[in-house]
Structures are given as C-alpha cells and as structure tokens.
Amino acid sequence: MSRIARLVTAIIFLIILAACGGAVVYFGTADGLGFGGSATVAGTVTKGTGAYVQIGWVRNNAPWPITVTGIEATANHAAKPVTVYLSAKQETTAAVTKAPAWATPAAAAMPVAFAGGTLRYLGFAMTPAQGEVASFDSITVTFTGPLGITFHKSYSGDTFAVASDTLPAGTLALDPTVDSGSLDGYIELLRNALQQSNSAQLAVVMGSGVKPAQAQKFAKDMAKFQINDNVTATRDPANPYRRTLVFYATSPTKDGLPPIRIEWSGFRWSVLGY
C-alpha cells in the first residue's frame, strides 16, 4: 500500500472515529438530563401575592457538562410568567405565599452549568390572574452540551395550581379521577351560590367566563331549587371529567330540576351550556 493510500485510510479512520465520538456525545447529551420527584401541589394566594413551591428535580446524567439555558413552565390563567428556580437543596414541599429562602434572583438566573452527576431541585413562583385558577402540568428545559447543539426536553411530572383569593373557598379542585372529594366540594359551592340569589357570585362559581346575565338565566332555570335538595351526579361514559347533576326533592324523575352539565378542567369545575 502506497504512502498516499495509507494516509487516506488513516484520515477516513479518524473521520469515522470523530463521527462516532460526536454521535456518542450528541445522543448522550440529548438523553443526559433526567427528571424526577413528580408531585401535584395546590394552594390559594393571599391578596396581592403569588405562591411558591419546590417540586421535582433535574439531574445531568451525562459524564460531561451540560448547560441549562432556560426552563419554561407555561401556565394557564397566570397574571405573569412563572419564575423557575434551581436550588441545591429542597427546603419546602408545600405551597407558601411568602418568598422562601431559595427564591432568589441568583437561583432564577440562566444559563446554569451542570457538571456530570449534578442534581438541582426545581422551585416555582406563580401568580394567578384575578378570579382565576392558574396552573401548569409540565416544564420544558432548553440546554446545550459540548457540541454546542441546543436541545429541548419536556417533563410532565410536576403540577402546580394556585387559586386567586377572589374566588370562593373551595373553587380549586383536584383531579376527580384521583380525588373523590373534588366533585362534592363543587356541589356545595353551587348550592350556596344558588341559594344566595347573587348573579355576579353565581357567575364566578359557574366559571368558563360566564357573565352575570348568563348566570341569571341559569338561576331562572333553577328557580325551584332548595338548599336541602338531594342531588344525583352521573358520569359521562365518554369523558371522566364531565358529570350531569340533577337536584330533586323526592325523585329525579318526578320533581328533578333541569340537568346541569359540568366539567373539570384547569383545576376547577365549571357549568357548561351557558
């Protein structure tokens, strides 16, 4: 084999070796971030504040450094973007309304370099819009590795919900497929709102952007309602988050009031059809 042939062979070998090494780094970085500590936390803010919580963690499982350039938790009905913090220790597990020690500007600053094996706990600050329940159920992390390529990875293990203090107590409801008391609390809210004959308050309890005029129509449909009426709650076989309520005095078929369709979404129940 000539010298030129040997040189070409060596170059091709080095290219293949570099490509294999690059592939190892690429896929090792893409899969390098791990998540855990999944939890669902809910709470209610006090006037003019947000809520803080530490739930979940992120870890660099790759042997080389990974740089996290951003973490986004996209919330529904939040007054402003969710702030995400990274901390070396987990200090709180319940939602609090006073900024804890881990909620510092430095802990929220990006980018952050993760050496191999580094674990950081996730913290969040979220403020609901007035009269709303703010919530998110996933985060998206943007990061880079030694090759400088940007990756995005989502994790759906962290769920956080916060109710505005302008909502009636008990409006925030957990997933009814895992919390048997979720529906009961909403039925009590409806009972009280119907009894009070306040269309503005009834509209708040009905949810889904219902206006007082629509609540008045609902109240008119339910004019025969009595606070001590019995109630049936029938599950929609096609949707585990929907129920049909019928209030009645003696029998749903004899003196039952018009059916009320309700749905759980965004950590609260709402009346449909108005």
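The values are calculated or read from the model by the stated rules, or taken from the named source; none is laboratory data. Being a predicted model, the structure only gives us computed values, none of them experimental. All Cβ positions, even for glycine, are placed from backbone atoms using ideal geometry, and neighbour counts span all protein chains on display. Surface accessibility is based on the protein's heavy atoms, side chains included, excluding ligands, DNA and RNA. Shrake-Rupley method; radii C 1.70, N 1.55, O 1.52, S 1.80 Å.
What to note about this one:
- Extension gain for THR46-ALA223 works out to 60.3 nm (0.36 nm per residue, less the C-alpha to C-alpha distance).
- Ligands, DNA and RNA aside, TYR52 has an accessible area near 50 Å² when probed at 1.4 Å.
- Charge dipole of the stretch 150-274 (Cα centre as origin; +1 on each Lys and Arg Cβ, -1 on each Asp and Glu Cβ, all else neutral): 400 debye, rounded to the nearest 20.
- Among HIS77, THR104, GLY123 - extreme Cα towards positive end, dipole of the stretch 33-163, charges at beta-carbon: THR104
- Relative to the longest principal axis of the Cα atoms of the chain, helix 212-221 runs at roughly 50 degrees.
- Unit charges at the beta carbon, dipole of the stretch 169-271: most positive-side option, VAL271, THR232, GLY185: VAL271
- About the centre of its Cα atoms, the chain shows a dipole size close to 460 debye [charges on the beta carbon of Lys, Arg (+1) and Asp, Glu (-1) only; nearest 20 debye].
- Residue among GLY117, GLY50, GLY170 with the largest mean-square fluctuation in a Gaussian network model of the chain, springs linking Cα atoms under 10 Å: GLY117
- For the pair the stretch 64-106 / the stretch 152-231, the C-alpha centres are spaced 29 Å from each other.
- Comparing mean-square fluctuations of ASN198, ASN228, ASN60 from a GNM of the chain with C-alpha springs under 10 Å, the top value falls on ASN228.
- Computed lengthening from ILE149 to SER180, 0.36 nm per intervening residue step minus Cα-Cα distance: 6.5 nm
- Total charge dipole magnitude, the stretch 202-272, about the Cα centre, Cβ charges on Lys, Arg, Asp, Glu only, Debye to nearest 20: 140
- By the helix-only formula, in which each DSSP H run with n ≥ 4 contributes -39500 (n - 2.57) and the sum is divided by residues, the chain has a 222 nm mean residue ellipticity of -8000 deg cm²/dmol.
- Hull-based mean projected area of the chain, where the convex hull spans the alpha carbons, in square nanometres: 20.3
- Entries in LYS47/LYS224; LYS80/LYS211; LYS47/LYS89; LYS47/LYS211 that, when Cα-Cα distance is taken, lie over 32 Å: LYS47/LYS224
- Relative to the longest principal axis of the Cα atoms of the chain, helix 181-196 runs at roughly 40 degrees.
- Note on exposure: ILE139, ILE71, ILE149 ranked by accessible area (1.4 Å probe, complete protein assembly) read ILE149, ILE71, ILE139, with the most exposed listed first.
- Modelled FRET efficiency - R0 41 Å, MET110 with ASP165, Cβ distances, 0.05 increments: 0.85
- Integer Hz, Karplus 6.51/-1.76/1.60 couplings in order for the stretch 165-178, x for Gly and Pro: 6, 7, 8, x, 4, x, 5, 5, 10, 7, 3, x, 6, 10
- Accessible surface of the chain [probe 1.4 Å, protein heavy atoms]: carbon and sulfur percent: 55
- 0 to 90° range, to nearest 10: angle between helix 3-30 axis and the chain longest Cα axis: 20
- Placed amide H near ARG268: partners under 5 Å, 5+ positions off or other chain: ALA173
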